[in-house]
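The values are calculated or read from the model by the stated rules, or taken from the named source; none is laboratory data. Only a predicted model underlies this, so the values are computations on that prediction, with no experimental measurement involved. With ideal geometry, Cβ positions are generated from the backbone for all residues, glycine too; neighbour counts draw on all protein chains shown. Only protein heavy atoms, including side chains, enter the accessible area calculation; ligands, DNA and RNA are left aside. Shrake-Rupley method; radii C 1.70, N 1.55, O 1.52, S 1.80 Å.
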Amino acid sequence: MIKPKDEYILFADETKKTPKNPHFCFAGFIMKRCDYEDILVPKISDLKKKHFGRTDIIFHYTDMKSNKGEFSCFRDSSIRNKFWTEFVNTIKLIDLTTIGVYFDQNLMKELYKNSGTTNYDIAYRHLLENYMHFLKERDGIGSICIESRTFKENMFLQRNHFDYIQNGSIYYSSENTSEHLTTICFVVKGDNCIGLQVADIIPARFMRIVNKQSDNYLLNKIFHEKMYYYDTPQENILGLKNLL
């Protein structure tokens, strides 16, 4: 009997350039589907219940770091410190792999100013290559979960995704891609998808590593140490790849 392949999910999100960060980054984390459902979801739900009294609160990293909206309680440093310390300790014990790509947004725009290809599409295609490497190395089968944008943007990205599976790339044959890659899932912003809520934090923290900015609560450190091919010569190729 042929053993079924392990199923993996890549949860990914993007961050755009800011006054302190010139890069566009598309990044997230990979987990076995069973570990995500049985371990990460319950643990983060417990964390929400403990610190906010409910499990349906949606983690939005922009609001969390600015102590806004439902996270105004973070204006109290003791509450904020306690939450982030426990969040990091929770992630530390979970078997997940972070991965991402980034590039200078202005340089990319200048290079491809007459192209219809977006920053998101460029980054997505390159992230697929590294996700394929991960899946092939583990002989796994994988899906991707990202936040829904406009229906038209979703449509173009879906075409991009299935074109990659159908035709392969310069690195992987179509037999490889169709064996290891499956679906792409679009989740609306208001849905309580814990995977995307955790992924929402990662691109900004990766850019803090790249830009050598402070590491509040050791968030940079924990996501960096879980990076694909961490602390190897391939880290900057397969873990967090600089495209430009």
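Quick notes
- Checking each residue in region 25-71 for being open to solvent by 10 Å² or more (accessible area, probe 1.4 Å), outside any helix (DSSP H, G or I) and touching a residue at least 12 places away in the same chain (Cβ under 8 Å) picks out Lys32, Thr55, Asp56, Ile58, His60, Asn67.
- Only a single criterion out of (1) open to solvent by less than 50 Å² (accessible area, probe 1.4 Å); (2) modelled with pLDDT under 95 is not satisfied by Thr98, namely (2).
- Any pair with Cβ under 6 angstrom, 6 or more apart, that starts in region 154-166 at a residue that is more than 14 Å from Tyr120 (Cα to Cα) and ends at one that is among the polar types (S, T, N, Q) and open to solvent by 20 Å² or more (accessible area, probe 1.4 Å): Ile165/Ser178
- Applying the set (1) part of a helix (DSSP H, G or I); (2) aliphatic (A, V, I, L, M); (3) open to solvent by 70 Å² or more (accessible area, probe 1.4 Å) to Met132 leaves exactly one unmet item: (3).
- Region 211-236 - residue that is in contact (Cβ under 8 Å) with a residue 60 or more places away in the chain and open to solvent by 40 Å² or more (accessible area, probe 1.4 Å) and, of those, nearest to the chain's Cα centre (by Cα): His224
- Of all residues in region 101-127, those that are aromatic (Phe, Trp, Tyr), open to solvent by 10 Å² or more (accessible area, probe 1.4 Å) and under 23 Å from the mean Cα position of the chain (by Cα) total 2.
- Applying a threshold of 8 Å to beta carbon distances and a minimum spacing of six or more residues, or different chains, the list of pairs starting in region 104-117 at a residue that is under 18 Å from Pro19 (Cα atoms) and ending at one that is β-branched (Val, Ile, Thr) and surrounded by 13 or more Cβ atoms within 10 Å (Cβ to Cβ) reads Met108/Ile122.
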